[in-house]
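Below you'll find the structure, written out as structure tokens, and then a few comments.
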Amino acid sequence: MMDIRAMITENTIEFDADLKTREEVLEHISEILVKNNRANNKEVIFNGFLQREKEGTTGIGLQLAIPHCKEEDILEPTIVYITLKNPIDWDSLDEKPVKVVIGLAIPKKYEGTLHLEILSALASNLMEDDFKDKLFKINNKEELINFLYKNL
Amino acid sequence: MKILGVTSCPTGVAHTNMAAKALVKAGEKLGHTVKVEKQGALGIQNRLTKEEIAEADVIIFAVEQKVREENRFKGKVIYKVSVSAPIKNGVKVIEDALKLI
């Protein structure tokens, strides 16, 4: 049975990443996915993320962006959690810079829907100030995974 | 007021759910109950019933995809916005929808 601990690991979390643009962040997320055998082809994944941004920004405001892509080259549903050393412009809905990036990688074909339910629950919960404030304060990988496990 | 919503987005995972939550929360803030049907990667969730649609004063479409089974809403007052609109300012979307009544 899949739970969120199969989707986010200490290798897919990074605090205080020194990245300067939206493109750099998306490329970095793509690298993390490939390095951890969660996706096949960095270029395809990177383009998938870029394409989604073109359809509309994933900077949803309040310092958060949730870039996502759905590709056949994604092998495992994955959450990449990155906090940025310096806030960056993401063309956000509230026009303010982004500090936390939660990347969602979704396989195109995948048995079962539990991962979609977990990602959906995460998206809904991110609209709750209380959940988001608590999440953003965590700066320990294990604690972050446990928090998500307990709250989704 | 009886307000309903339908949300959808290209991937059907993130914005669909966030917009739905945003509409419900904005409704609570304004003292209205809002039920939102999510049309996403998991299919149709929280489906609006025939009765609910019949009784609704206004239906908000916060969609980036063609509304599934759109003929259910024929003849209803529809307020259509982007899926981002309620995430950005849910209260404004509901207030604007109510102006149509």
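For segment A:54-127, the dipole from Cβ point charges (+1 on Lys and Arg, -1 on Asp and Glu) about the Cα centre works out to 180 debye, to the nearest 20.
What is the Cα radius of gyration of chain B over 2.2 N^0.38 Å, N being its residue count?
Working: Rg = 11.9 Å, N = 101, 2.2 N^0.38 = 12.7 Å.
That works out to 0.94 for chain B.
Take the Cα radius of gyration of segment A:52-152 and divide it by 2.2 N^0.38 Å, N being the number of residues; the result is 1.08. Residue by residue, segment B:76-83 carries 3J(HN,Hα) couplings of 8, 6, 10, 10, 9, 9, 6, 5 Hz when phi is fed to the Karplus relation 6.51 cos²θ - 1.76 cosθ + 1.60 (θ = phi - 60°); x denotes Gly or Pro. Projecting the Cα atoms of B:1, B:20, B:32 onto the charge dipole of the protein assembly as shown (Cβ charges, centred on the Cα centre) puts B:1 farthest toward the positive pole.
Rounding to the nearest 20 debye, state how big the charge dipole of segment A:4-151 is about its Cα centre with +1 on each Lys and Arg Cβ and -1 on each Asp and Glu Cβ. The partial results should precede the final answer.
Values: 19 positive and 27 negative charges, 46 e Å.
Taking the Cα centre of segment A:4-151 as origin, the dipole is about 220 debye.
Within the listed set A:65, A:121, A:39, the Gaussian network model of chain A (springs between alpha-carbon atoms below 10 Å) gives the highest mean-square fluctuation for A:121. Amide H contacts of residue B:81: B:61, B:62, B:63, each under 5 Å away and 5 or more positions distant or on a separate chain (H built 1.01 Å from N in the peptide plane; Pro and chain starts excluded).
Rounded to 0.05, the FRET efficiency of the residue A:55 and residue A:143 pair, given R0 = 35 Å and the Cβ-Cβ distance, is 0.55. Residues considered: A:52, A:38, A:22. Largest GNM mean-square fluctuation over chain A, using C-alpha springs under 10 Å, is found at A:52.
Can you tell me what percent of all Cα-Cα pairs in the protein assembly as shown are more than 28 Å apart?
Working: 10190 of 31878 pairs.
Percentage above 28 Å: 32.
Here the protein assembly as shown is assigned +1 on the Cβ of each Lys and Arg and -1 on the Cβ of each Asp and Glu. Its dipole about the Cα centre then comes out at about 740 debye. Only one residue of A:98, A:119, A:87 has its Cα farthest out toward the positive end of the dipole of segment A:86-125, where Lys and Arg carry +1 and Asp and Glu -1 on Cβ, and that residue is A:119. Name the residues of segment A:117-152 whose amide N is less than 16 Å from a point 7 angstrom out from the Cα of residue A:5 along the C-beta direction? Correct set: A:141-152. Look at where the Cα atoms of segment A:30-61 and of segment B:1-47 average out, and the two centres are 26 Å apart.
Readers should treat all values here as calculations from the given coordinates under stated rules, not as data from a laboratory. These numbers come from a predicted model, not from an experiment. Using ideal geometry, Cβ is built from the backbone for each residue, glycine included, and neighbour counts are taken over all protein chains shown.
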